[in-house]
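**Student:** Dropping the structure in here first, questions after.
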Amino acid sequence: MSTRIEPNVQFIREMQAAGGESLKKCYQCATCSVICPLSPEEAPFPRKEMVWAQWGLKDKLVNDIDIWLCHNCGECSDNCPRGAKPGDLLAALRNMAYKSLSKPAIIGEWMSSAKYLPILFGIPAALFLIVWALTTGLTIPDGEIIFAKVYPTLQTIDPIFILTVLFVVFTFATSIKGMLSSFKANGLEPKEDSPSFFKSLIDVVKDEIISHRKFKDCESNKDRYPGHLLVFYGFIALAVVTGIIAFFYWTNKLFGFGMVTPLALWNPVKILANAGGIALIVGLVFMTRNRLNADPKKTINSFYDWYLIGVIWFVAVTGMLAQIFRLADAAAPAYIVYYLHLVSVFMLFAYLPWSKLAHLVYRTVALAYARQIGRKGLGE
Amino acid sequence: MSNSSILVIGGGFSGLTAALEAAEVGHEVFIVEKMPYLGGRVAQLKHYFPKLCPPSCGLEINFQRIKNNPRVKHFTLAEVVSVSGGPGNYDVKIKISPRYVNNNCTACDKCVEVCPVERDSAYDFDLGKTKAVYRPHLMSFPMRYVIDDQVCEGSSCAKCVEACEYQAIDLEEKEKEITISVGSIVVATGWEPYDVSKLTNLGAGQISNVITNMQMERLAAPAGPTTGKIQRPSDGEEPKRIAFVQCAGSRDQNHLDYCSYICCMASLKHCTYIREQYPDAEVVIYYIDLRAPGRYEKFLNKIQQDEKVLMVKGKVAKIEEDSATGDVIVTAEDIMGGVKKEEKFNMVVLATGMQPSIAVNELALEVPKDEEGFITGGEDKGIFAVGCAKMPLDVMTSAETATGAALKAIQTVRR
């Protein structure tokens, strides 16, 4: 039986633009599928993705769960005899998935190229500037430096970020639904005796994410592991801090006990916050160094990679500097840097579903689904 | 007036052919061979293409032609040290390492009987051993023994000197240097098997039952270390399941970034060796693409008829040892079936490619080369590359390039 293949040339070009520029070099030897420690026995990846990509089979690729099982360790690209960089292709497909899965699509478009950076920066920059104009008329407040003087929690920070979070959660909810139904459309269904999705999710978090186990599985990933782990736990620490601060803000408001920011440096919550910030920065140093030192014959860095690293740097550096200026009692720099910090945090979270950071959600969901249907690496 | 002599660097099949073609039309020819014998890689094979002759066939005829032609002078254990001058008038300095065995040698083997030192036989790719004094191989030409001075204990032992009835052994022999004048140079430096220690994902040469295609030739050759029996190096067991790993380090930008032309055919040929000895042995050939140039396709078709030879499209990218049994676990994706599988074999043969010898050991002659070390020019200087010094080839085509180069060399010196 012969099948007529209709190559989607436009799609091939998109993949090449999104980071898979060397995909045409592949000659289908399958070294990559063998070398990948995460690649399963049945229909292993990424060899099949390489041929689908060369043939422009968009339908197959956009519904492919395997792009999420890949942890981008680069072992396949290191061993590829042709320099076809299968690791980069899968990264490119994920970048394209961020763009196509999450709605509204226009934000995905903005996130796909450096030329839209002014828009991405401009939105929060204008928003927080307007807020500043409304609170203190763009002036630097006198007295002790308390950021709430310019950005009061109740009236500004909470509504803006709660709305942002709701927006992001809603976006993810719809896109995850789409993602799971596309896996099903591809014939990947849980069997009768499969565990529930929820149980698989818990197992993935416990068994894989907390330990970064799969991240460690391949030799080529050794250098990336500490960077990713530090950034990951840095964020966890900061998320915990944010949660505690928010909780005590409300207990204070409602019941009259709790903590009021700024916290003293010795406060355990403040220590946790600073530890998280330092972990973030150290992790970023690792990540940036790895990206800069990457052998261009083995991998290239896409805009998605640099956007995420850049924004996290932006968040970490402005966060730290705001604190330092506050402690140094330098009011004008402190408030301005804090303003930039809010802009950076907005850029990180509001655009999350379209940025590379969306892998946090999509990969977790895909890993859980893969676990539920029993799709795992050969020998795992 | 140009010098009408021709220098041939390398005494393998290509070099012999070029030398004889030129000598038989009247030119003086010097063959400079690094090894202690002529015949090169072909001498190590069990059978060679296109007709699957044993090497004694083609080489024997050429050796006869050399013996009968006073115009061919050959130096073994010899290397070119420097070349000066230009086309028509080259002065070539040649270093001749001591053989320690002179022309009196009758190959009686008495010296070997008394020699106390053993060495790994590089000729057998370390599958066998020889004494420090040894015959290069069964039909070596010149038929003279040689002493490996890296391991020989020298005059403190000298048991061989005593045992030799013909005063053929001189342990005091020294390195010599000679200068010859030639008008043209044929480079027939041939190839080296790619170094498997670089193939880390394929065992890096550390797994005893993973051998190379050239080791397979030695195992199967009647005069080889096992007198022709194909057996596992680890325990001498007869293999029942054998895998061939094609493109082991070939067509790979991390190793040899080109196809070596004949390795597919070599593996198919090895199937005939295996089938001859083991009618029931199972063979799996893992390949990316099978290359059967020209008429060789018929040979491929013949092997494909063998029901116990399975050809799987998918490169082996992982080889591990099962330490309990000495078996070898091979991982590959069967691309047609889309399944990635680990398979166990008793023995695995890596079809390694050919690397130009001068990429491994530098040649003291300036000549344009490509990135891989294959010679790409030199003709304007009266220097002609032949055989696998030029590109990976089979024996037949190598001989054709040699004949062509002989003609060009003659044209250079007649000008």
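Bear in mind these aren't lab numbers, they're just calculated from the coordinates by the rules spelled out. Values in this document were obtained by computation on a predicted structure and should not be read as measured data. Counting neighbours? That spans all protein chains shown, and the Cβs are built from the backbone with ideal geometry, glycine included.
**Student:** Over the Cα atoms of the range A:9-101, what radius of gyration and what Dmax do you get, in Å?
**Tutor:** Rg and Dmax of the range A:9-101, Cα atoms, are 11.6, 33 Å.
**Student:** Taking every residue in B:335-342, how many Cβ atoms of other protein chains lie within 10 Å of its Cβ, on average?
**Tutor:** On the way: counts 8, 0, 2, 8, 7, 15, 4, 4.
Mean partner shielding for this stretch: 6.
**Student:** Rounding to the nearest 10 and keeping the result within 0 to 90°, find how far the Cα-based axis of helix A:359-373 lies from the longest principal axis of chain A.
**Tutor:** Compared with the principal axis, the helix lies near 40 degrees.
**Student:** What share of the DSSP beta bridges in the range B:195-352 is antiparallel, in percent to the nearest 5?
**Tutor:** On the way: 13 of 31 bridges.
DSSP beta bridges in the range B:195-352 are roughly 40 percent antiparallel.
**Student:** If you add up the charges near B:Pro368, with Lys and Arg at +1 and Asp and Glu at -1, over every other residue whose beta carbon is less than 12 angstrom from its beta carbon, what do you get?
**Tutor:** Details: positive: B:Lys369, B:Lys381, B:Lys390; negative: B:Glu366, B:Asp370, B:Glu371, B:Glu379, B:Asp380.
Surrounding charge for B:Pro368 is -2.
**Student:** Hey, what angle do you get for helix A:117-136 against the long axis of chain A, alpha-carbon based, 0 to 90 degrees rounded to 10?
**Tutor:** 20
**Student:** Over the Cα atoms of the range B:24-147, Rg to Rh with Kirkwood Rh, two decimal places? Please report the intermediate quantities before stating the final value.
**Tutor:** Numbers: Rg = 16.5 Å, Rh = 16.4 Å.
In the range B:24-147, Rg relative to Rh is 1.00.
**Student:** Just want the ordering: B:Asp91, A:Asp64, from fewest to most Cβ atoms lying within 10 Å of their own Cβ.
**Tutor:** Values: B:Asp91 13, A:Asp64 25.
Lowest count first: B:Asp91, A:Asp64.
**Student:** Moving to a separate point now. Per residue of the range B:352-367, what does 6.51 cos²θ - 1.76 cosθ + 1.60 with θ = phi - 60° give for ³J(HN,Hα)? Whole Hz please, x for Gly and Pro, Karplus curve as stated.
**Tutor:** 7, x, 9, 10, x, 3, 6, 7, 9, 10, 5, 9, 7, 7, 7, 7
**Student:** On to the next question. For chain A, what does the relative contact order come out to in percent, with C-alpha contacts under 8 Å and a separation of six or more? Intermediate values should be presented prior to the final figure.
**Tutor:** Details: 482 pairs, mean separation 94.8, N = 380.
25 percent.
**Student:** Taking amide H atoms as placed 1.01 Å from N in the peptide plane, list the residues 5 or more away in sequence, or in a different chain, whose amide H sits under 5 Å from that of B:Val284.
**Tutor:** Under 5 Å from the amide H of B:Val284: B:Ile242, B:Ala243, B:Phe244, B:Leu310.
**Student:** Need one word for the range A:166-259: rounded, prolate or oblate. Basis is the Cα gyration tensor (sqrt eigenvalues a ≥ b ≥ c); a/c below 1.5 gives rounded, then a/b vs b/c decides.
**Tutor:** Numbers: a/c = 2.47, a/b = 1.41, b/c = 1.76.
Oblate is the answer for the range A:166-259, as a/c is 1.5 or above yet b/c matches or exceeds a/b.
**Student:** Which whole number of Å³ per residue matches the convex hull of the alpha-carbon atoms in the range B:318-390? Write down the numbers at each step before the final one.
**Tutor:** On the way: hull volume 10.9 nm³, N = 73.
Cα-based convex hull of the range B:318-390, divided per residue, equals 149 Å³.
**Student:** Over all directions, the average projected area of the alpha-carbon convex hull for the range B:110-163 comes to how many nm²?
**Tutor:** Details: hull surface 14.9 nm².
For the range B:110-163, the mean projected area of the Cα convex hull comes to 3.7 nm².
**Student:** Given N residues in the protein assembly as shown, what is Rg(Cα) / (2.2 N^0.38 Å)?
**Tutor:** Details: Rg = 35.4 Å, N = 795, 2.2 N^0.38 = 27.8 Å.
Taking N as the residue count of the protein assembly as shown, the ratio is 1.27.
**Student:** Would you work out which of A:Trp68, A:Gly187, A:Gln323 lies farthest towards the positive end of the dipole of chain A, given +1 charges on the beta-carbon of Lys and Arg and -1 on that of Asp and Glu, about the Cα centre?
**Tutor:** Going by the Cα projections, it comes out as A:Gly187.
**Student:** What Cys residues in chain B have no fellow cysteine's beta-carbon under 4.7 angstrom?
**Tutor:** Result for chain B is B:Cys105, B:Cys108, B:Cys115, B:Cys152, B:Cys157, B:Cys164, B:Cys247, B:Cys259, B:Cys263, B:Cys264, B:Cys271, B:Cys388, no neighbouring Cys Cβ within the cutoff.
**Student:** Could you calculate, for chain B, the ratio of the Cα radius of gyration to the Kirkwood radius, expressed as Rg to Rh?
**Tutor:** Working: Rg = 22.3 Å, Rh = 22.6 Å.
With Rg and the Kirkwood Rh in hand, the quotient comes to 0.99.
**Student:** From the phi angles alone, apply the Karplus equation (6.51, -1.76, 1.60; θ = phi - 60°) to the range B:80-85 and give each ³J(HN,Hα) in whole Hz, x where the residue is Gly or Pro.
**Tutor:** With coefficients 6.51, -1.76 and 1.60, one gets 6, 9, 7, 10, 10, x Hz.
**Student:** Which cross-chain or sequence-distant (5 or more) residues have an amide H under 5 Å from the amide H of B:Lys369, H modelled 1.01 Å from N in plane?
**Tutor:** B:Thr376
**Student:** In whole Hz, with x marking every Gly and Pro, tabulate ³J(HN,Hα) for the range B:284-292 from phi via Karplus 6.51 cos²θ - 1.76 cosθ + 1.60, θ = phi - 60°.
**Tutor:** 10, 9, 8, 9, 9, 9, 8, 10, 10
**Student:** Checking the cross-link filter: which aspartates and glutamates have an alpha carbon closer than 13 Å to that of B:Lys174, excluding same-chain neighbours under 8 positions apart?
**Tutor:** Cross-link targets: B:Asp149.
**Student:** Take the alpha carbon atoms of the range A:19-41, find their center, do the same for the range A:192-206, and report the distance between the two centers in whole angstrom.
**Tutor:** Using only Cα atoms to place each centre, the spacing works out to 29 Å.
**Student:** What is the set of long-range amide H partners of B:Gln355 at a cut-off below 5 Å, with H atoms built 1.01 Å from backbone N?
**Tutor:** HN-HN under 5 Å from B:Gln355: B:Glu192, B:Tyr194.
**Student:** Then there is this: DSSP beta bridges in chain B, what fraction antiparallel, as a percent rounded to 5?
**Tutor:** DSSP beta bridges in chain B are roughly 55 percent antiparallel.
**Student:** Here's a follow-up. What does the highest-first list of A:141-147, A:229-235 look like by mean Cβ count within 10 Å?
**Tutor:** On the way: A:141-147: 14.1, A:229-235: 19.4.
Listed from highest to lowest mean packing, they are A:229-235, A:141-147.
**Student:** Can you tell me the order of A:200-213, B:336-349 when each peptide is scored by its average per-residue count of other Cβ atoms within 10 angstrom, highest first?
**Tutor:** Numbers: A:200-213: 15.3, B:336-349: 19.4.
The peptides rank, most packed first, as B:336-349, A:200-213.
**Student:** Averaged over peptide A:39-50, how many Cβ atoms belonging to another chain are found within 10 Å of each residue's Cβ?
**Tutor:** Numbers: counts 2, 2, 6, 4, 5, 6, 2, 0, 6, 3, 0, 0.
Per residue, the number of nearby Cβ atoms from other chains is 3 on average.
**Student:** What base-10 log of the normalised intensity I(q)/I(0) is obtained for the range B:92-230 from the Debye formula, alpha carbons as equal point scatterers, at q = 0.13, 0.15 Å⁻¹?
**Tutor:** -0.75, -0.93
**Student:** Run down the lysines and flag those whose C-alpha is under 28 Å from the C-alpha of A:Lys253, throwing out any fewer than 8 positions away in its chain.
**Tutor:** Answer for A:Lys253, where 28 Å is the Cα cut-off: A:Lys149, A:Lys270, listed by chain and number.
**Student:** Work from the charge dipole of the protein assembly as shown (Cβ charges, +1 for Lys and Arg, -1 for Asp and Glu, about the Cα centre) and give the residue of A:Met50, A:Leu229, B:Tyr166 farthest towards its positive end.
**Tutor:** Projecting each Cα onto the dipole axis, the largest value belongs to A:Met50.
**Student:** Measure nothing but the geometry: give the 0 to 90° angle between the long axis through the Cα atoms of A:331-349 and the longest principal axis through the Cα atoms of chain A, rounded to 10°.
**Tutor:** Orientation of helix A:331-349: about 30 degrees from the principal axis.
**Student:** Cross-link candidates for A:Lys184: which lysines have Cα within less than 20 Å, leaving aside residues fewer than 8 places away along the same chain?
**Tutor:** By straight Cα distance, A:Lys184 reaches A:Lys48, A:Lys58, A:Lys60, A:Lys199, A:Lys376.
**Student:** Going through the range B:1-94, which trypsin sites (Lys or Arg not before Pro) have at most 10 other Cβ atoms within 10 Å and a DSSP loop state? Spell out each step's value before the answer.
**Tutor:** Values: sites: B:Lys34, B:Arg41, B:Lys46, B:Lys51, B:Arg65, B:Lys67, B:Arg71, B:Lys73, B:Lys93; in loops: B:Lys34, B:Lys46, B:Lys51, B:Arg71.
Those that pass, being in a loop and sparsely packed, are B:Lys51.
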